[in-house]
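Notes follow the structure.
The values are calculated or read from the model by the stated rules, or taken from the named source; none is laboratory data. Predicted model, so just to flag it, every value in this text is computed and none were measured. For neighbour counting, all protein chains shown are included, and Cβ atoms are generated from backbone atoms with ideal geometry for every residue, glycine included. Heavy atoms of the whole protein, side chains included, go into the accessibility calculation; ligands, DNA and RNA do not. Shrake-Rupley method; radii C 1.70, N 1.55, O 1.52, S 1.80 Å.
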Amino acid sequence: MVTVTIDGKKIEVPEGMTVLEAAAQAGITIPTLCYHKDLSPHGGCRLCVVEVKGARTPLASCTLPVSEGMEVTTESPTLRESRRTILQLLLSTYHDAGYAANDGRPNELEQWARVYGLDPYEAMAKAPRYSINSDPNPFVWVDLNKCILCGRCIRACAEVQGRFVWGLAERGYDTRIVAGMDETMLEARCESCGACVAYCPTGALDNKPSVGAGAPDKVVTTTCSYCGVGCQFDFQVNTKTNRILRVTSNPQAPVNGMHLCVKGRYGYDYIHHPDRLLKPRVREYLLKGEKRPANGERGPWVEVDWDTALEIVARKLVEARDTYGPDSVGILTSAKCTNEENYLMNKLARQVIGTNNIDHCARLCHSSTVAGLALAYGSGAMSNSMKDVAEKAAVIFIIGSNTTEQHPVFGAMIRQAVLKRGAKLIVADPRKIDITEFATLHLQQRPGTDIALLNGLMHIIVQNGWQDEAFIAERTENYEAFLENLQDYTPEKVSAITGVPVERLYQAAEIMGKNRPMAVIWAMGITQHIVGVQNVLTLANLQMLLGNMGVPGGGVNPLRGQNNVQGACDMGGLPDVYPGYQRVTTEEARLKFEQAWGVALPDKVGLTVTEMIPAAGEGKIKAMYILGENPVMSDPDSNHVRHCLQTLDFLALQEIFPSETSAYADVLLPGVSFAEKDGTFTNTERRVQRVRQAIQPLGEARPDWMIIQDLAQRILGQGNRQVNPEAPYGKWNYTNTAQIMDEIAALTPIYAGISHARLEVGESLQWPVRSKDHPGTPILHVGRFTRGKGKFHPTVHVPPAEQPDRTYPMVLTTGRVLYHWHGGEMTRRSKGLMKVYDRPLIEINPEDAQRIGLNGKRMVRVSSRRGSIIAEAWITERVPPGLIYGNFHFPEASVNELTLAALDPISKIPEFKVAAVRVEAYSE
Ligand SMILES: Nc1nc2c(c(=O)[nH]1)N[C@H]1C(S)=C(S)[C@@H](COP(=O)(O)OP(=O)(O)OC[C@H]3O[C@@H](n4cnc5c(=O)[nH]c(N)nc54)[C@H](O)[C@@H]3O)O[C@H]1N2
Ligand SMILES: Nc1nc2c(c(=O)[nH]1)N[C@H]1C(S)=C(S)[C@@H](COP(=O)(O)OP(=O)(O)OC[C@H]3O[C@@H](n4cnc5c(=O)[nH]c(N)nc54)[C@H](O)[C@@H]3O)O[C@H]1N2
Ligand SMILES: [Mo]
């Protein structure tokens, strides 16, 4: 610590701090423009000059380190004069033509100008030097006339996003910022995260979709509805027009600070898209009291009032329940919806209908993780926090996660871990995904060979004695059997199975063996296999072998996909557990919920998504109620899914858009987007965060929780299932979502201490939160695994269910792209996202393109045993020869026409990541 005096105030600050930071700590604001606390200091604009006793000239405080006894003055007539001169100079090359996308308030330059007695509009250049809106990027408005060359954009792009789009060109008066080699931003590999916009102090870079949108009269902080990272931001709202004008960064956001990705910052316009469902719809035959038309047709839609629609849904669900039994009803809940809504869906299924047939997209996603980690450690969630991994891991091992495209803000944090502190990054992925550019080592294994790969690495680790004997002895069991199994996986054999060269295996094992802690990150490349659970067990083995559990910077870090898939699981949106993973097959748990809800509950595990849909096809499931899911696009083998849904007697779908699935629905209930409701989402690191209503529900649409409650109330009075309304939680009479959270807390030990009130006062809570004064749990398995000892499981390589053969000689692997979301209902309705990525692309290696005779043609036909699609090829080295990659974002060519429903026997996840296909050049 050193003592300095600033404006007569004596303060103690740590050595190495700058004068600017020290002043801020003392509550003194020094004017700045090129400085931002998140970015490295630049010392360019010199607005932050201060006088230091003993120094001959004023010094820039943003780069000046404090020293013992230093005496600093931050305001004086001389300083005022020199700042005024600087501002005058900046304004002389600045021209504001009046295109404001910001909220209409003066920008930082204009504000400081006024503080120092200048009228920015008088002092600025009289004419523009550059064309306005000079870059075609659909999100970023470039107006170099407002650029003051502070370089914040350059640093934000490099130091936050890790993309290096911006730089400086020319000299002197002509100096200007340019993208790449003076290209368009997108050509310069911009990912449109908008970090440059967020950090620009003048609006030279601004939000293009918001130019001319006007000033907000309300600002609402909420949580993003795309991925599981859980970024927070501010919605700028015009309450008179009930419109969202723009998204801006909220520096207080616990996970992301100022940072966001392209979908979070710019992909919100679907909310106002004219396709939004604004009124309930039912099929005409239902109103006429007729039978459903034959051959799967459902006939025309009719818009109706809520009473009519909900009465029909209630009657149909009761009919199925009371005629065929409660297990003839299937319920899909939604990882896009809030915890409170998911809790209600779980209560509706179990209490009101009497079935455990409730599931959701987690089945298609991390069910292997949840099952695998429960077996190995006793609980199935991400063990560490994203910040912790980014800041403390010596090695980051990414396997089967395309982190920079699918969890972009965390992906950017990992890039910074490599750039700023030299963390070693190993990526194991069959494709050369973007993050491999930052990797120390890329292991490019064949799809479906992860067990062999990992066992091979562990074989070498043990061979060299790099394992953590103390950890193994103290905290684990079944080590001997595991060791025995490893014998088999010699580097040569593993190399033959995986295609990874032997020397790379040695290099990777050595990095892992010699550096601690290592954090493992995975996602769908690991889980979506018939050996998904075994894959996860193998990763659990690796982290125990190396003693990387229960420590900062280590852990098992499955990245949850949907914004609230963690929460949907936590809330009992699964066929085998009540909220908080209390098992339906455990007498104690069942009695607890029977008492709470006032009714006898089923003790049999229900059906998963991947069982429910086929059961519908077989006539075992008669009626379904689906909340915010799109199985026609998301489930494997779309042809089969369509057939099954067609066979259903009745389907009620609660959506915000008419989706591909709504063609098979009998009733469409208009829910609302996250911008129109209150509640909470739980992110991938178990952090429970508030979702706050920013605008009024559009049209007659209603918050989903209100619809679910209304439906439950109508069913509760009907038919032959009696619920005791006197039971403590027997009733359905919530007037707000905070009350629902209180009920969740009362019945769910891991959420016991969570309430909206605690979140409102700014607490950031990661479950388990065991009581109202419990601070939450950032790291799991410290000192002890949830199940006591961690258990090693010997695992064996099993090839994927479908192998290439003569007819289908290539392998298809599937997934997503940065700019789109699953079935695309939201992102295909976002203008800017469609401008950047407007059609499905199939990644194919140049060798294969040549072999199939693509010869400059664009289109390919891809066929599997299930179906075929025609799409544009993207000829690229991202995929090796023999492998193609496609997505399921566009109904006109979705890879799920091709995928197969081969399931992992434990988790029931489909093997989305491997199918055998034939690829042909296609002539239009
Ligand atoms: N932009 C965008 N972001 C999203 C989503 C979205 O739709 N769009 N969806 C969200 C959801 S729900 C989820 S679950 C996550 C998914 O996030 P990710 O799992 O990161 O995404 P995927 O594209 O499914 O595939 C991940 C990687 O697995 C690799 N892979 C394929 N086969 C194998 C294999 O056999 N072994 C290994 N090790 N890797 C393999 C692929 O090449 C790919 O790079 O993303 C979330 N984020
Ligand atoms: N081939 C292949 N298929 C896959 C995968 C893969 O990697 N490859 N990944 C799988 C994975 S990991 C997942 S998670 C699934 C995703 O499968 P789904 O969950 O079916 O996918 P989404 O498109 O996100 O569906 C969410 C729907 O909810 C609607 N919605 C959004 N917000 C709200 C709301 O607040 N209320 C209501 N009522 N509706 C709302 C949206 O319009 C959208 O249609 O896909 C799976 N399918
Ligand atoms: Mo997912």
Expressed in nanometres to one decimal, the distance between label points 7 Å along Cα→Cβ at LEU168 and ARG770 is 5.6 nm
Sorted largest first, the Cα spans of the range 37-122 on the principal axes come out in Å as 47, 30, 19
Simple SL model, points at 7 angstrom along Cα→Cβ for TYR130 and ASN720; separation in nm is 7.6 nm
One point scatterer per Cα, no solvent, Debye formula: log10 I(q)/I(0) for the range 244-378 at q = 0.09, 0.12, 0.20, 0.22 Å⁻¹ comes out as -0.49, -0.82, -1.30, -1.35
Relative contact order as a percentage, the chain, C-alpha pairs under 8 Å and 6+ apart, gives 13 percent
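Plugging the Kirkwood radius over Cα pairs into Stokes-Einstein for the range 387-431, at a temperature of 25 °C and a viscosity of 0.890 mPa s, what D comes out in µm²/s? Mind dumping the intermediate values first?
Details: Rh = 10.5 Å.
Approximately 234 µm²/s, per Stokes-Einstein.
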Rounded to the nearest Å, the spacing of the alpha-carbon centers of the range 293-312 and the range 666-738 is 22 Å
Everything considered on the Cα gyration tensor (a ≥ b ≥ c; rounded for a/c under 1.5, else prolate if a/b is larger than b/c, else oblate), the range 536-606 must be described as prolate
Once normalised by the length of the range 128-272, the mean sequence separation of its alpha carbon contacts under 8 Å that are 6 or more apart gives a contact order in percent of 20 percent
Ignoring ligands and nucleic acids, LYS279 exposes an accessible area, probe 1.4 Å, in Å² to the nearest 10, of 60 Å²
Quick shape check on the range 367-558: root eigenvalues a ≥ b ≥ c of the Cα gyration tensor, a/c under 1.5 is rounded, otherwise prolate if a/b tops b/c, else oblate, and it reads rounded
In whole Hz, the Karplus estimates of ³J(HN,Hα) for the range 527-539 (6.51, -1.76, 1.60; θ = phi - 60°; x where Gly or Pro) are 7, 8, 9, 5, 10, x, 5, 5, 4, 5, 4, 5, 5
Bounding extents of the range 503-639 in its principal axis frame from Cα atoms, largest first in Å, are 57, 42, 24
Rounded to the nearest 5, the percent of antiparallel DSSP beta bridges in the chain equals 60 percent
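Which shape class, rounded, prolate or oblate, goes with the range 810-921 when its Cα gyration tensor gives a ≥ b ≥ c as root eigenvalues, a/c under 1.5 marks rounded, and past that a/b bigger than b/c marks prolate? Intermediate values should be presented prior to the final figure.
Values: a/c = 1.84, a/b = 1.04, b/c = 1.78.
In terms of gyration-tensor shape, oblate.
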Per-residue ellipticity at 222 nm attributable to helices in the chain (runs of n ≥ 4 DSSP H, -39500 (n - 2.57) apiece, nearest 500 deg cm²/dmol) works out to -8000 deg cm²/dmol
A chain fully extended from ASN515 to GLU12 at 0.36 nm per residue, minus the present Cα-Cα distance, gains in nm 177.4 nm
Using alpha-carbon coordinates alone, the radius of gyration and Dmax of the range 814-859 in Å work out to 13.6, 37
Quotient of Cα radius of gyration and Kirkwood radius for the range 558-695, i.e. Rg/Rh, equals 0.99
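State the dimensionless ratio Rg/Rh of the chain (Rg: radius of gyration of Cα atoms; Rh: Kirkwood radius). The partial results should precede the final answer.
Values: Rg = 29.0 Å, Rh = 29.5 Å.
Rounded to two decimals, Rg/Rh equals 0.98.
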Rounded to the angstrom and largest first, Cα extents along the principal axes for the range 128-272 equal 45, 31, 24
Computed over all unlike Cα pairs, the Kirkwood hydrodynamic radius of the range 2-75 in Å stands at 12.0 Å
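Rounded to two decimals, what is Rg over Rh for the range 338-435 when you use alpha-carbon atoms and the Kirkwood radius?
Details: Rg = 17.9 Å, Rh = 16.2 Å.
Rg/Rh for the range 338-435 comes to 1.10.
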Karplus ³J(HN,Hα) for the range 919-924 (6.51 cos²θ - 1.76 cosθ + 1.60, θ = phi - 60°; Hz, whole; x = Gly/Pro) runs 10, 10, 5, 10, 9, 5
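Where in the range 510-618 are there GluC sites (Glu not before Pro) that are in a DSSP coil and have at most 15 other Cβ atoms within 10 angstrom of their Cβ?
Values: sites: GLU510, GLU587, GLU588, GLU594, GLU611, GLU618; in loops: GLU618.
The qualifying sites are GLU618.
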Out of CYS261, VAL551, ALA901 - ranked by how far each Cα lies towards the positive end of the dipole of the chain, with unit charges on the beta-carbon of charged residues - the top one is CYS261
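Would you please put 490-502, 796-808 in order of how densely packed they are, using the mean number of other Cβ atoms within 10 angstrom per residue and starting with the highest?
Details: 490-502: 17.8, 796-808: 15.4.
The most tightly packed comes first, giving 490-502, 796-808.
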For the range 597-612, in residue order, the Karplus 3J(HN,Hα) values (coefficients 6.51, -1.76, 1.60; θ = phi - 60°; whole Hz; Gly and Pro = x) are 9, x, 6, 6, 10, x, 9, 9, 4, x, 8, 7, 3, 6, 9, 5
